[in-house]
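For reference, the structure is listed below as structure tokens.
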Amino acid sequence: MFDDGAAYFDTAALARGVRALGLLDPDVDDGERIDRIRLLEELKAAAAAAQARETVLFAAAQRAAQSAAGVFEDKIGRSTAGQIGLARRISPFHARRYAGWAHILTTELPQTFTALAAGRVSEWRAMLVARETAWLSREHRAIVDQQLAPHLQTLGDRRTETEARKLAYRLDPEGAVAKVRGADSDRRVTVRPAPESMARLTALLPVAQGVAAYAALIRDADSRISQGDQRGRGQLMADTLVERVTGQTEAIDVPVEINLIMAADTLLQPDGAEGTEPAHLDGYGPLPAALARDLALGPASGSAPRWIRRLFTHPDSGQLIAMETRRRDFTPAQRRFLRVRDHFCRTPYCEAPIRHADHVRPAAAGGPTTVRNGRGTCEACNYTKQTPGWHSRALFAPGAHHDVEISTPTGHRYRSRAPDPPGVHLRPASPVHAQVERHIARRDSAA
């Protein structure tokens, strides 16, 4: 795959090696396949070590170059994390965290890093050691590395995390207490989609509060079961949580205010073929057509009121219709429009909740305050865009999606595309749509 006689191999050789993995001989016995699976796992670990090393070198070079140019330290960090995230196809948040762990791993955990480079431990387990020792002093971190690294090859993910944390707590008990108490400030509640049109409502709480809340839900559920309630314990706990948080007598009576995007046929023609097109619920994701109709019109049971924001689409293309303003700041209606159209932060791979309405072409550079020149971003990505070397532009072609091209300080380009509204693929092409798009583009250019 690579030239064994070369002291180093270049990027082109690395690319050839990646392509060569698709040329493995398929005509081998099962013993050979197991050997390959093991070797490929070791290859992934060795590649992760090389990637961590490259990440640390890149971050150091960026810091030196941008510091010499007078860029503030916080902006250097944002720009670096943004570029690493795009290259690794992960969010800037995860890239920033990864870069920190990579620095610890490559510079302060030599034995763990050697095990990773040799393929004896997975990337995630090596990063767990870095994560669980990040708050320790260099001296204590070195002790954990010496004591834990020889055993990593025989540990799973949970044991690796547990052993690293136990050693860290033993070495610095006072720091461990301060760390746990400081974590109280991280308490929060989040919601994420789950399979089968369910949602995961997660609360990160101090341990005493979390255990107390869970115990209270169990007690209430057991009491209702003893009184003859036919629901399961898990169902009762979930319903009680909703009732207590929302103040409703029954969980099914919770009022709903939603930004729901659905094709007209989905709402009005439930028995037709077009009536099966999924809808999109802002802040959640796609919903089956029947469930979307229940949210919009109300199911057979329950009396909860529904407040629906209706979002209109282009009659031919199905894309959400543009709005504009002469103001520098986006109006509340435009902000809602961008949030609903884009669903998540428009930086590729980020997918964080939208917090800012951002001009693709900056207003200071003459960019109009239109939804065509707008995109939804998270706070971090909006600030990253303002660091030196970052540029973005909206791409336009008649009948096309809302595309944004991002270019980074190293000259790499990435494209972001807004999701299709429901039902777009069902619509036939129309020459009227191209005329409308050209008119909007001329108007935006003149604004």
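The values are calculated or read from the model by the stated rules, or taken from the named source; none is laboratory data. If you're wondering where the values come from, they're calculated on a predicted model, not measured in any experiment. Please note: Cβ atoms are built from the backbone with ideal geometry, for glycine as well, and neighbour counts cover all protein chains shown. Calculation scope for accessible area: heavy atoms of the full protein, side chains included, ligands and nucleic acids excluded. Shrake-Rupley method; radii C 1.70, N 1.55, O 1.52, S 1.80 Å.
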Of all residues in the stretch 365-381, which are closer than 10 Å to CYS345 by Cα and surrounded by fewer than 20 Cβ atoms within 10 Å (Cβ to Cβ)?
GLU379
Grab the helices (runs of 4 or more DSSP H) fully contained in the stretch 202-288, keeping just those with 2 or more residues being modelled with pLDDT of 85 or more and over 31 Å from the mean Cα position of the chain (by Cα).
207-226, 233-246
Does ARG231 qualify as being in contact with a Ser or Thr (Cβ under 9 Å, 6 or more places away or on another chain) and open to solvent by 50 Å² or more (accessible area, probe 1.4 Å)?
no
Within the stretch 63-79, residues being within 26 Å of the chain's Cα centre (by Cα) and over 16 Å from GLN386 (Cβ atoms) number 1
Residues to consider are ARG188, ARG192; find the one that is surrounded by fewer than 10 Cβ atoms within 10 Å (Cβ to Cβ), within 30 Å of PRO288 (Cα to Cα) and touching a strand residue (DSSP E or B) at 6+ places or on another chain (Cβ under 6 Å).
ARG188
Working only within the stretch 95-116, note down all residues that are closer than 24 Å to THR384 by Cβ and either assigned to a loop (DSSP other than H, G, I, E, B) or of a type in the set (Phe, Trp, Tyr) (or both).
TYR98, TRP101
Being of a type outside the set (Gly, Ala, Ser), farther than 17 Å from HIS401 by Cβ, modelled with pLDDT of 70 or more and surrounded by fewer than 17 Cβ atoms within 10 Å (Cβ to Cβ): is that true of ARG355 here?
yes
With (1) in a helix (DSSP H, G or I); (2) open to solvent by 40 Å² or more (accessible area, probe 1.4 Å) as the list, and ARG120 as the residue in question, which single condition is left unmet?
(1)
Across the stretch 346-359, what is the number of residues that are touching a residue at least 40 places away in the same chain (Cβ under 8 Å) and not basic (Lys, Arg)?
7
Of the residues in the stretch 362-395, those that are in a loop (DSSP other than H, G, I, E, B) and under 19 Å from HIS343 (Cα atoms) come to VAL371, ARG372, ASN373, CYS378
Exception for TYR169 within (1) surrounded by 13 or more Cβ atoms within 10 Å (Cβ to Cβ); (2) without any contact (Cβ under 8 Å) to a residue 12 or more places away in the chain; (3) touching a strand residue (DSSP E or B) at 6+ places or on another chain (Cβ under 7 Å) falls at (3)
Residues located in the stretch 172-194, provided they are among the polar types (S, T, N, Q) and either over 26 Å from the mean Cα position of the chain (by Cα) or not in a helix (DSSP H, G or I) (or both)
THR190
Tabulated pairs, the stretch 174-197, first without any contact (Cβ under 8 Å) to a residue 60 or more places away in the chain, second surrounded by 10 or more Cβ atoms within 10 Å (Cβ to Cβ) and outside any strand (DSSP E or B), C-beta under 6 angstrom, 6+ apart or interchain
ALA176/TYR169; LYS179/TRP135; ASP184/PRO206; ARG187/LEU205
GLU32 passes all but one of the listed conditions (1) touching a residue at least 60 places away in the same chain (Cβ under 8 Å); (2) open to solvent by 70 Å² or more (accessible area, probe 1.4 Å); the exception is number (1)
Check whether at least one residue in the stretch 220-237 is more than 22 Å from LEU291 (Cα to Cα), touching a strand residue (DSSP E or B) at 6+ places or on another chain (Cβ under 9 Å), free of Cβ contacts under 8 Å to residues at least 40 places away in the same chain and not hydroxyl-bearing (Ser, Thr, Tyr), and report yes or no.
no
I need the full set of residues from the stretch 50-85 which are among the hydroxyl-bearing types (Ser, Thr, Tyr) and open to solvent by less than 20 Å² (accessible area, probe 1.4 Å), in order please.
THR55, SER79, THR80
Please specify each residue of the stretch 86-114 satisfying the condition of being within 19 Å of LEU136 (Cβ to Cβ) and open to solvent by 70 Å² or more (accessible area, probe 1.4 Å).
ARG97, HIS103, PRO110, GLN111
Matching residues, the stretch 181-236, being under 22 Å from LEU281 (Cβ atoms) and among the hydroxyl-bearing types (Ser, Thr, Tyr):
THR190, SER197, THR202
Looking at the stretch 158-171, can you tell me whether even one residue there is part of a helix (DSSP H, G or I), at pLDDT below 95 and over 22 Å from ALA115 (Cβ atoms)?
yes
Evaluate the stretch 134-147: report whether one residue or more is closer than 14 Å to THR162 by Cα and either of a type outside the set (D, E, K, R) or outside any helix (DSSP H, G or I) (or both).
yes
Within the stretch 63-75, track down each residue that is in contact (Cβ under 8 Å) with a residue 40 or more places away in the chain and part of a helix (DSSP H, G or I).
GLN66, LYS75
